[in-house]
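Below you'll find the structure, written out as structure tokens, and then a few comments.
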Amino acid sequence: MTRKYKKAPSYTSAPLAERFAACVDLDGPTPKHRPELGRCHIWLAGFTGAGYGAVLTDEGKQMGAHVVAFLLKHGRCPIPQALHHCDNRACVNGDHIFEGTRDDNMRDAAAKGRMNRGEKNGGGGKLTETIVRAIFLSSDRGDEAAARYGISGAMVSLIRSRKKWGHVTVGLERP
């Protein structure tokens with residue numbers, strides 16, 4: 001896609017909403033997985049290294065363009081963060097952006113098949129979801145579980161604290 005840059009109003013002379021609107025292409029793609037959303041509005045100005053649009057606020061603070069889109073639509077910043085229904089990081093259509101937690105974002109990504117984690121990532125890792133469940137549910141000490149499955153005690157701790165393999169949930173109800 002060719003980006004059509006527009007000349008944005010001067011940083012100091014125009015309100016945020018006007019500067020923002022000057023940097024948006026309203027004729028973006030319609031998400032194939034959610035056509036009912038309508039077209040994405042594509043950010044045309046600066047981007048972060050992660051591919052999200054970047055905006056300077058009136059105070060000179062950098063914010064994600066999708067966060068500013070939510071702010072302009074709802075009159076407040078999203079708490080805790082802004083997420084995309086359309087899965088398009090460059091999209092700033094306020095109707096495509098909703099607020100949620102990091103966990104909400106991970107569940108949304110997994111439901112849409114965008115997460116290749118654990119055994120599904122094509123790597124040659126030692127762990128599978130079945131083994132992770134066994135580690136989580138076992139009464140073995142961390143070093144015993146680590147030796148049994150050929151992993152580090154630190155990894156056992158990370159699994160049990162849900163900091164690693166946190167997407168594995170089915171069957172993890174402890175007795």
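The numbers here are math on the coordinates, done by the rules we state, and not lab data. All values derive from a computational prediction rather than experimental measurement. As a convention, Cβ positions derive from the backbone with ideal geometry for all residues, glycine included, and neighbour counts pool all protein chains shown.
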For this session: Determine the shape class of segment 11-72: with a ≥ b ≥ c the square roots of the Cα gyration tensor eigenvalues, call it rounded for a/c under 1.5, and otherwise prolate if a/b is greater than b/c, oblate otherwise.
Result: prolate
Exercise. Which FRET efficiency value, to the nearest 0.05, do you get for Arg162 and Ile79 by plugging their Cβ-Cβ distance into 1/(1 + (r/R0)^6) with R0 = 30 Å?
Worked result: 0.85
Problem set entry | Rounded if a/c under 1.5, otherwise prolate or oblate - segment 69-112, Cα gyration tensor axes | oblate
Seminar exercise, completed: Shape call for segment 123-165, from the Cα gyration tensor axes a ≥ b ≥ c (a/c under 1.5 means rounded, otherwise prolate when a/b beats b/c, else oblate), comes out rounded
For this session: Project the alpha carbons of segment 12-149 onto their principal axes and report the range along each, largest first, in whole Å.
Result: 65, 34, 25
